[in-house]
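Okay, so here's the structure we're looking at.
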Amino acid sequence: MVRENPCWGYRRVHGELTTLGIKVAPSTVWEILKRAGLDPAPERASTTWAAGQSPELAAIKDAIAQRRAANMRLFAQDLAATGDLRDGLDLDQIADVVWSAGSAEFYGLLVLERGWSPDVYHQWLADTWCRLFLPPDPGT
């Protein structure tokens, strides 16, 4: 699947597998791709360049960005529904932080340009979101 679609990252592969009825965790897809020598999150900077070359591609890129932003808002609402968020957090700000820090561009900056490993990036991202969104652990 990935060899035929080299731009697909692990999230897209996970989505396709889910559509086919195959239940597997996204992290499992990541690990399988990595062990197979395939990039689990291929660089997507070319989409930004391509969008600058074509109004149609720019419109598609904008639509994707809007859909991602809306999905991050839903994610923020789901987080808030757990009742475990820090007091006083604004859902729009949570969604914006998740949208930006979880973007392909942010990943590219830290992993592709600064040399972080994908594992370090994912651990940092999870830790950052926990520190920003969850109340401090009373034991610390």
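Within the range 98-125, the residues that satisfy the criterion of being open to solvent by less than 50 Å² (accessible area, probe 1.4 Å) and not hydroxyl-bearing (S, T, Y) are V98, A101, G102, A104, G108, L110, V111, P118, L125.
Out of the residues in the range 91-118 that are out of contact with any helix residue (DSSP H, G or I) (no Cβ under 9 Å at 6 or more places or on another chain) and of a type outside the set (G, A, S), state the one that is farthest from A65 (Cα to Cα). Please lay out each step first, then the result.
First pass over the range 91-118, keeping only residues out of contact with any helix residue (DSSP H, G or I) (no Cβ under 9 Å at 6 or more places or on another chain): 109, 113-115.
Cutting the leftovers down to of a type outside the set (G, A, S) gives us 109, 113-114.
Numbers: L109: 18, E113: 22, R114: 24 Å.
Ranking the candidates gives R114 first.
Of all the residues in the range 71-125, those that are more than 30 Å from L38 (Cα to Cα), without any contact (Cβ under 8 Å) to a residue 12 or more places away in the chain and not in a loop (DSSP other than H, G, I, E, B) number 4.
Within the range 53-70, which residues are over 17 Å from the mean Cα position of the chain (by Cα), surrounded by 11 or more Cβ atoms within 10 Å (Cβ to Cβ) and not in a loop (DSSP other than H, G, I, E, B)?
Matches in the range 53-70: L57, A58, A59, I60.
Scanning the range 1-36 for residues that are under 15 Å from P118 (Cβ atoms), without any contact (Cβ under 8 Å) to a residue 12 or more places away in the chain and open to solvent by 70 Å² or more (accessible area, probe 1.4 Å) gives S27, I32, R35.
The values are calculated or read from the model by the stated rules, or taken from the named source; none is laboratory data. Remember, predicted model here, so these are calculated numbers, not experimental data. Cβ: placed from backbone, ideal geometry, glycine included. Neighbour counts: every protein chain shown. These accessible areas exclude ligands, DNA and RNA; they are computed on the full protein's heavy atoms, side chains included. Shrake-Rupley method; radii C 1.70, N 1.55, O 1.52, S 1.80 Å.
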